[in-house]
Amino acid sequence: VLIAPHDSYVGSIDQGTTSTRFLIFNREGEPVASHQIEFKQYYPHPGWHEHDPLEIITSIEQCIEGAVKTFETQGHSARSIKGVGITNQRETTVVWDSQTGEPLYNAIVWTDTRHQNLVRKLKARLGADKLQDLCGLPLSTYPSVGKLLWMIENVPKVAEAYEQGRLAFGTVDAWVVYRLNGGAKANIFVTDPSNASRSMFMNIHTLKYDEQLLDFFRFDMDKLKLPKIVRSSDPKAYGTLTTGILKGVPIAGCLGDQSAALVGQKGFTPGRAKNTYGTGCFLLYHVGDKPVISTHGLLTTVAYDFDGKPQYALEGSIAVAGSSVKFLQNNFGFIGSSSEISVLAETVEDNGGVTFVTAFSGLFAPYWYDDARGTIFGITAYTQKGHVARATLEATCFQTKAILDAMAKDSGRPLAELAVDGGMTNSDLCMQTQADLIGIPVERPRMLETTALGAAIAAGFAIGVWQSFDELKNVNTAGVKTFEPKINKEEREKRFGRWEKAVEMCRGWANE
Ligand code: G3P
């Protein structure tokens with residue numbers, strides 16, 4: 001058993017959809033230094049969303065430098081950072097040339113819907129109804145597979161690399177680990193099960209790539225290179241940082257960001273759940289060491305695999321949450337920064353009859369309507385910006401309610417309270433609305449960087465900074481704020497009924 005020295009720290013790379021961060025945690029699980037960079041979002045056509053894979057790497061390197069410099073000015077030594085964990089936006093698909101290590105196309109982001117028609121054809125293929133039992137995910141534009149197929153069909157450079165057997169596919173974790181290890185030369189080409197479970201290539205029961213799945217998608221496995229699936233916490237499998245201020249430090253943990261948030265919220269036992277309001281919003285409910293396949297529109301995902309005994313979660317995924325607030329800022333100019341949304345929403349008493357179905361990427365769980373598009377209902381001459389702001393916040397809260405209802409049906413156990421984190425939870429108004437709409441208390445910890453903390457925990461276990469879950473029991477427990485529901489069941493159901501009506505009415509636009 002590894003035991004790290006007492007003054008050990010753990011770094012955490014949090015590579016999200018809109019920004020990259022690096023945080024340094026002490027043994028008490030407190031962040032002591034951090035650096036954040038927002039990077040460029042590419043929307044070349046309606047429904048398309050891309051990132052530059054090289055910019056992702058640069059942003060990570062800059063964040064590490066920035067945070068470590070702050071850490072040093074606090075009097076610490078970079079040498080006390082004993083390991084680094086990685087957490088990342090999931091499903092986003094990166095392809096590169098396995099011989100040169102250079103990307104062959106922009107990364108297609110998880111929100112992208114360009115391959116909607118391709119997915120429709122896949123849904124009609126014989127055997128499509130068996131996929132979810134094998135991999136835990138229903139066919140939709142969301143997992144990586146459709147994005148990869150689209151690239152092979154539409155990008156000549158990608159098709160050529162595939163034909164010549166040098167097409168490497170990875171989710172962002174695999175790409176980042178590969179490049180931070182120096183790329184093609186070291187060729188550290190790995191992923192963890194929480195990320196691999198988002199591709200549709202991995203069997204959710206065995207945590208291995210599944211021939212049936214790969215055959216269904218008609219991949220030729222002599223032509224496609226997939227990362228090796230290793231444990232989420234491992235002192236060796238992920239290699240080491242090869243450049244920069246932390247050169248030589250091991251990458252010792254890796255988790256998809258939603259799994260990391262569950263770990264950061266210490267969701268280590270079945271029945272624990274968390275809801276993270278980031279770019280999207282994702283509710284994960286720990287179901288234990290056996291996967292539960294949903295029959296109510298949820299996904300089955302790997303929560304984490306620290307020791308060869310994988311833990312599973314049921315997941316409700318909402319495509320648009322914080323991105324709807326950004327939308328009001330960037331596209332409508334309603335606010336100057338995301339944090340102003342609450343102030344704007346509080347300029348009015350209620351939503352004034354406005355409902356905003358923020359279906360920018362169709363609707364994910366539990367609906368899976370790929371033909372839905374963002375629609376604002378109930379506008380009159382009375383409507384003010386504040387009403388739209390309220391309706392925007394409410395959209396995520398309504399979808400969370402729909403997911404909790406589905407989860408109660410799948411698990412047979414309704415949640416007693418909901419642990420939350422992520423940027424949007426800074427809004428007291430949003431959290432009160434959430435408690436009102438789900439009818440159970442909402443609990444917000446003081447330290448909201450639970451995603452980064454989760455990756456630090458995965459790495460910290462591998463290098464002996466922590467040895468047991470028990471050691472983490474006092475982490476982030478002080479200063480939890482609880483929002484109690486303030487409306488009655490009748491009112492709640494009335495509001496939800498209007499939402500459901502709006503959801504049905506926003507369909508059918510995608511193909512017009
Ligand atoms: O599945 C997508 C998810 O991992 C993205 O998370 O935090 O960028 O909304 P976030």
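Condition first: acidic (Asp, Glu), touching a residue at least 12 places away in the same chain (Cβ under 8 Å) and part of a helix (DSSP H, G or I). Can you find one or more residues in the stretch 389-402 that meet it?
Within the stretch 389-402, the first condition is being acidic (Asp, Glu), and the residues that meet it are 394.
From what is left, the residues that are touching a residue at least 12 places away in the same chain (Cβ under 8 Å) are 394.
If we keep only those that are part of a helix (DSSP H, G or I) as well, we get 394.
Among the residues of the stretch 389-402, at least one is acidic (Asp, Glu), touching a residue at least 12 places away in the same chain (Cβ under 8 Å) and part of a helix (DSSP H, G or I), which makes the answer yes.
Please determine whether any residue of the stretch 161-178 is within 21 Å of the chain's Cα centre (by Cα) and of a type in the set (Asp, Glu). Reasoning before the result, please.
The initial filter retains those residues of the stretch 161-178 that are within 21 Å of the chain's Cα centre (by Cα), namely 169-178.
Now narrow it down to the ones that are of a type in the set (Asp, Glu): 173.
Looking for residues that are within 21 Å of the chain's Cα centre (by Cα) and of a type in the set (Asp, Glu), one finds at least one in the stretch 161-178, hence yes.
Provide a single number: the residues in the stretch 93-119 that are more than 16 Å from the ligand (Cβ to nearest atom), outside any loop (DSSP other than H, G, I, E, B) and within 22 Å of Val177 (Cβ to Cβ).
So the answer is 4.
Which numbered condition trips up Tyr43, out of (1) closer than 22 Å to Lys247 by Cα; (2) free of Cβ contacts under 8 Å to residues at least 40 places away in the same chain?
(1)
Residues in the stretch 323-332: is at least one more than 16 Å from the ligand (Cβ to nearest atom), under 17 Å from Leu207 (Cβ atoms) and outside any helix (DSSP H, G or I)? Reasoning before the result, please.
As a first pass, look at the stretch 323-332 and keep what is more than 16 Å from the ligand (Cβ to nearest atom): 328-332.
Now drop any that are not under 17 Å from Leu207 (Cβ atoms), which leaves none.
Scanning the stretch 323-332, I find no residue that is more than 16 Å from the ligand (Cβ to nearest atom), under 17 Å from Leu207 (Cβ atoms) and outside any helix (DSSP H, G or I), so the answer is no.
Arg90 is checked against (1) within 15 Å of Ala174 (Cα to Cα); (2) in a strand (DSSP E or B); (3) charged (D, E, K, R) and fails just one. What number does that condition carry?
Single failed check for Arg90: (2).
Restrict the check to the stretch 277-291 and report whether at least one residue is free of Cβ contacts under 8 Å to residues at least 60 places away in the same chain, touching a helix residue (DSSP H, G or I) at 6+ places or on another chain (Cβ under 6 Å), over 19 Å from Thr450 (Cβ atoms) and surrounded by fewer than 24 Cβ atoms within 10 Å (Cβ to Cβ). Talk me through it step by step, then tell me what you get.
So the first thing to find is which residues in the stretch 277-291 are free of Cβ contacts under 8 Å to residues at least 60 places away in the same chain, and the list is 282, 284, 286, 288-290.
When the remaining residues are screened for being touching a helix residue (DSSP H, G or I) at 6+ places or on another chain (Cβ under 6 Å), the result is 282, 284.
In the following step, the residues that additionally are over 19 Å from Thr450 (Cβ atoms) were identified as none.
No.
Would it be correct to say that Ala273 is touching a residue at least 24 places away in the same chain (Cβ under 8 Å), buried (at least 19 other Cβ atoms within 10 Å of the Cβ) and not polar (S, T, N, Q)?
Against the criterion (touching a residue at least 24 places away in the same chain (Cβ under 8 Å), buried (at least 19 other Cβ atoms within 10 Å of the Cβ) and not polar (S, T, N, Q)), Ala273 qualifies.
Name every residue in the stretch 434-450 that is in contact with a Lys or Arg (Cβ under 8 Å, 6 or more places away or on another chain) and within 22 Å of Thr392 (Cα to Cα), in order of residue number.
Listed by number, the residues that qualify are Ala435, Asp436, Leu437, Ile438, Gly439, Glu443, Arg444.
In the list Lys501, Lys409, Lys489, Lys401, which residue meets the criterion of being touching a helix residue (DSSP H, G or I) at 6+ places or on another chain (Cβ under 6 Å) and among the basic types (Lys, Arg)? Reasoning before the result, please.
Working: Lys501 fails: touching a helix residue (DSSP H, G or I) at 6+ places or on another chain (Cβ under 6 Å); Lys409 fails: touching a helix residue (DSSP H, G or I) at 6+ places or on another chain (Cβ under 6 Å); Lys489 fails: touching a helix residue (DSSP H, G or I) at 6+ places or on another chain (Cβ under 6 Å).
Going through Lys501, Lys409, Lys489, Lys401 in turn, just one is touching a helix residue (DSSP H, G or I) at 6+ places or on another chain (Cβ under 6 Å) and among the basic types (Lys, Arg): Lys401.
Only one residue in Glu55, Glu38 is more than 15 Å from the ligand (Cβ to nearest atom) and not β-branched (Val, Ile, Thr). Which one? Spell out how you get there, then give the answer.
Values: Glu38 fails: more than 15 Å from the ligand (Cβ to nearest atom).
Matching residue, one of Glu55, Glu38: Glu55.
Which of (1) in a loop (DSSP other than H, G, I, E, B); (2) hydrophobic (A, V, I, L, M, F, W, C); (3) farther than 23 Å from Thr58 by Cβ is the odd one out, the single condition Ile152 does not satisfy?
Checking Ile152 against (1) in a loop (DSSP other than H, G, I, E, B); (2) hydrophobic (A, V, I, L, M, F, W, C); (3) farther than 23 Å from Thr58 by Cβ, the one that fails is (1).
For the stretch 58-77, how many residues are in contact (Cβ under 8 Å) with a residue 60 or more places away in the chain and surrounded by 18 or more Cβ atoms within 10 Å (Cβ to Cβ)?
6
Can you tell me how many residues within the stretch 69-91 are within 16 Å of the ligand (Cβ to nearest atom) and of a type in the set (A, V, I, L, M)?
1
From Leu122, Leu126, grab the single residue that is more than 16 Å from the ligand (Cβ to nearest atom), modelled with pLDDT of 95 or more and either over 22 Å from Gly454 (Cα atoms) or not in a strand (DSSP E or B) (or both). Break it down into steps so the answer makes sense when it comes.
Working: Leu126 fails: modelled with pLDDT of 95 or more.
Only one candidate qualifies: Leu122.
Could you check the stretch 448-483 and list, in sequence order, the residues that are within 24 Å of Leu429 (Cβ to Cβ), more than 16 Å from the ligand (Cβ to nearest atom), of a type outside the set (A, V, I, L, M) and out of contact with any helix residue (DSSP H, G or I) (no Cβ under 6 Å at 6 or more places or on another chain)?
Answer for the stretch 448-483, where residues must be within 24 Å of Leu429 (Cβ to Cβ), more than 16 Å from the ligand (Cβ to nearest atom), of a type outside the set (A, V, I, L, M) and out of contact with any helix residue (DSSP H, G or I) (no Cβ under 6 Å at 6 or more places or on another chain): Asn476, Gly479, Lys481, Thr482.
Considering only residues of the stretch 1-22 that are among the small types (Gly, Ala, Ser), surrounded by fewer than 23 Cβ atoms within 10 Å (Cβ to Cβ) and within 16 Å of the ligand (Cβ to nearest atom), which is farthest from Leu453 (Cα to Cα)?
Per the stated criteria, the residue is Ser19.
Return yes or no: is Leu429 in contact with a helix residue (DSSP H, G or I) (Cβ under 9 Å, 6 or more places away or on another chain), away from the ligand (no atom under 16 Å from the Cβ), under 23 Å from Thr392 (Cα atoms) and aliphatic (A, V, I, L, M)?
Details: in contact with a helix residue (DSSP H, G or I) (Cβ under 9 Å, 6 or more places away or on another chain): yes; away from the ligand (no atom under 16 Å from the Cβ): yes; under 23 Å from Thr392 (Cα atoms): yes; aliphatic (A, V, I, L, M): yes.
Yes: the conditions hold for Leu429.
Any idea which of (1) over 25 Å from the mean Cα position of the chain (by Cα); (2) within 16 Å of Asp370 (Cβ to Cβ); (3) of a type in the set (Gly, Ala, Ser) is the one Gly127 doesn't satisfy?
Unmet condition: (2).
Filter the stretch 269-319 down to residues that are β-branched (Val, Ile, Thr) and in a strand (DSSP E or B) and give me whichever is nearest to the ligand (Cβ to nearest atom). Walk me through how you get there before you give the answer.
Filtering the stretch 269-319 for residues β-branched (Val, Ile, Thr) gives 269, 276, 279, 287, 292-293, 295, 300-302, 318.
Adding the requirement that they be in a strand (DSSP E or B) leaves 276, 287, 300-302, 318.
On the way: Thr276: 6, Val287: 18, Thr300: 14, Thr301: 9, Val302: 13, Ile318: 9 Å.
The extreme case among them is Thr276.
Scan the strands (runs of 3 or more DSSP E) fully inside the stretch 9-61 and keep the ones with 1 or more residues being under 16 Å from the mean Cα position of the chain (by Cα).
Because the criterion is at least 1 residues that are under 16 Å from the mean Cα position of the chain (by Cα), the strands (runs of 3 or more DSSP E) in the stretch 9-61 that meet it are 9-15, 19-25.
Would you check which residues across the stretch 456-508 are exposed (fewer than 13 other Cβ atoms within 10 Å of the Cβ), more than 30 Å from Val10 (Cα to Cα) and touching a Lys or Arg at 6+ places or on another chain (Cβ under 9 Å) and list them?
If the condition is that a residue be exposed (fewer than 13 other Cβ atoms within 10 Å of the Cβ), more than 30 Å from Val10 (Cα to Cα) and touching a Lys or Arg at 6+ places or on another chain (Cβ under 9 Å), then Gly508 is the only one that fits.
Any idea how many residues of the stretch 195-245 are part of a strand (DSSP E or B) and without any contact (Cβ under 8 Å) to a residue 40 or more places away in the chain?
Residues of the stretch 195-245 that are part of a strand (DSSP E or B), as a first pass: 202-203, 208-209, 224-225, 228-229, 233, 240.
Right, trim to without any contact (Cβ under 8 Å) to a residue 40 or more places away in the chain and you get 208-209, 228-229.
Result for the stretch 195-245: 4.
Would you mind stating whether Thr300 is in contact with a Pro (Cβ under 6 Å, 6 or more places away or on another chain) and crowded, with 20+ Cβ neighbours inside 10 Å?
Numbers: in contact with a Pro (Cβ under 6 Å, 6 or more places away or on another chain): yes; crowded, with 20+ Cβ neighbours inside 10 Å: yes.
For Thr300, the condition - in contact with a Pro (Cβ under 6 Å, 6 or more places away or on another chain) and crowded, with 20+ Cβ neighbours inside 10 Å - is met.
The values are calculated or read from the model by the stated rules, or taken from the named source; none is laboratory data. Quantities reported herein were computed from a predicted structural model and do not represent experimental measurements. When we count neighbours, we look across all protein chains shown, and the Cβ atoms used for this are built from the backbone with ideal geometry, even at glycine.
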